[in-house]
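The values are calculated or read from the model by the stated rules, or taken from the named source; none is laboratory data. This structure is a prediction, so every number in the text was calculated from the model and none was measured. Neighbour counts run over all protein chains shown; Cβ positions are idealised from the backbone, glycine included. The area values use the complete protein model at the heavy-atom level, side chains included, leaving out ligands, DNA and RNA. Shrake-Rupley method; radii C 1.70, N 1.55, O 1.52, S 1.80 Å.
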Amino acid sequence: MSGTLLRLHAVGAALALATLSLTACGDDFDQVKLTMAAGSSGGVYHDLSTALADAWTRDPGIPHPQVATTAGSVDNLDRLRTNQAQVGFSAADAAEKKQQGDQGHKLYALARMHDDYLQLIVRNDLPVQRVADLKGLRVSVGAVDSGVRLIAERLLQVAEIAPETDLQVQYLGLQASADAMREDRLDAFFWSGGVPTGAVTALASTVKLRMLDLGDVLPKLRQLYPVYGSATLPASAYQLEGGPVVTLVVRNFLLVNDTMSDDVAEALVRGLFQAQPALVAASPVARSIEVRSAIETTPIELHPGAMRYYRDVKV
């Protein structure tokens, strides 16, 4: 066999192995290998990813997926587009922006999951009442490759705040932000996640906090970016002082890429809904995950295998 043929044979074998990792015949999923892009430790994405990985090992019976800690939505999407991960969570706004690019694997949705709420957390001893009052303060806008940063920078732009010049800006993930505030190295931080988020609950037990009301900037933000909604959060979500606050809402999707077969995608969606009690135990936000709303993944197309599942259950 010539050198060229040997190289072609090796490439073909490698491609076949890669394809095998995401395909299965019937109920035989022994060869499926998945990496999940799970977001930051302490966040809802990570809690749900860990619970899902355990659940999928039981049903449909795949080898335990690797749960990869990441910076958040943007990082997750990059890993899906480059096939470093085959499953991952993302907020709808980040997914919409990433899908518009023409590089890498196409994104598909398995399900709409819970909704995220933008939580602008500030120290209670500061005279900060609205976003414009953050000027000059030590503020984290989220990790560099996170969906939190995307939302925070859009919100600050609407509030006419330039992070690099108007803030003592930092780019920290959730746990790093909580640690910095606990050690009095940070005045405020942005977080977009389910309510309650464990890391924020833990921080509120040791530091007096408030959430800022975003009602003065949301109308313009939603006009620019219709992907966002709005909601009112009670202070009791974290047992904080003060009344309810108006904040931004963004949907979350469980995504895969175009390397996944229809059979595997269908099995994962079925396993997701069968595992809901375990997901609720991992995070209370999972109570909102239900079959009828799971198909609402616009602007990301449902995976054909996921669509097959929803048709079977007559959604």
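How many residues are open to solvent by less than 50 Å² (accessible area, probe 1.4 Å) and more than 15 Å from V256 (Cβ to Cβ) when one looks only at segment 31-44? Give the steps one after another, and end with the answer.
Taking segment 31-44 as the starting set, the residues that turn out to be open to solvent by less than 50 Å² (accessible area, probe 1.4 Å) are 32, 34-40, 42-44.
Those left that are additionally more than 15 Å from V256 (Cβ to Cβ): 39-40, 42-44.
Residues flagged as open to solvent by less than 50 Å² (accessible area, probe 1.4 Å) and more than 15 Å from V256 (Cβ to Cβ) within segment 31-44 amount to 5.
Please go through segment 266-315 and give me each residue that is assigned to a loop (DSSP other than H, G, I, E, B), open to solvent by 40 Å² or more (accessible area, probe 1.4 Å) and either among the small types (G, A, S) or touching a residue at least 60 places away in the same chain (Cβ under 8 Å) (or both), ordered by number. Even if it seems obvious, please write down each step before you answer.
Residues of segment 266-315 that are assigned to a loop (DSSP other than H, G, I, E, B), as a first pass: 275, 283, 289-290, 295-301, 303, 313-315.
Then drop every residue that is not open to solvent by 40 Å² or more (accessible area, probe 1.4 Å), which leaves 290, 295-296, 298-299, 301, 313-315.
Once the filter is applied, which keeps residues that are assigned to a loop (DSSP other than H, G, I, E, B), open to solvent by 40 Å² or more (accessible area, probe 1.4 Å) and either among the small types (G, A, S) or touching a residue at least 60 places away in the same chain (Cβ under 8 Å) (or both), segment 266-315 yields I295, E296, P299, E301.
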Got a number for residues in segment 99-147 being at pLDDT 95 or above and within 15 Å of S177 (Cβ to Cβ)?
-> 13
Of the listed residues (L248, L214), the one being among the aliphatic types (A, V, I, L, M), in contact (Cβ under 8 Å) with a residue 24 or more places away in the chain and either surrounded by fewer than 20 Cβ atoms within 10 Å (Cβ to Cβ) or not in a loop (DSSP other than H, G, I, E, B) (or both) is L248
In the set G173, G147, the lone residue that is touching a residue at least 60 places away in the same chain (Cβ under 8 Å), open to solvent by less than 40 Å² (accessible area, probe 1.4 Å), touching a helix residue (DSSP H, G or I) at 6+ places or on another chain (Cβ under 7 Å) and under 27 Å from T206 (Cβ atoms) is G147
Taking segment 217-236 and the residues there that are within 17 Å of V141 (Cβ to Cβ) and either of a type in the set (S, T, Y) or outside any loop (DSSP other than H, G, I, E, B) (or both), the one that is most open to solvent (accessible area, probe 1.4 Å) would be Y225
Only one of these is open to solvent by 10 Å² or more (accessible area, probe 1.4 Å), closer than 18 Å to L221 by Cβ and touching a residue at least 12 places away in the same chain (Cβ under 8 Å): R138, R130, R185. Name it.
-> R130
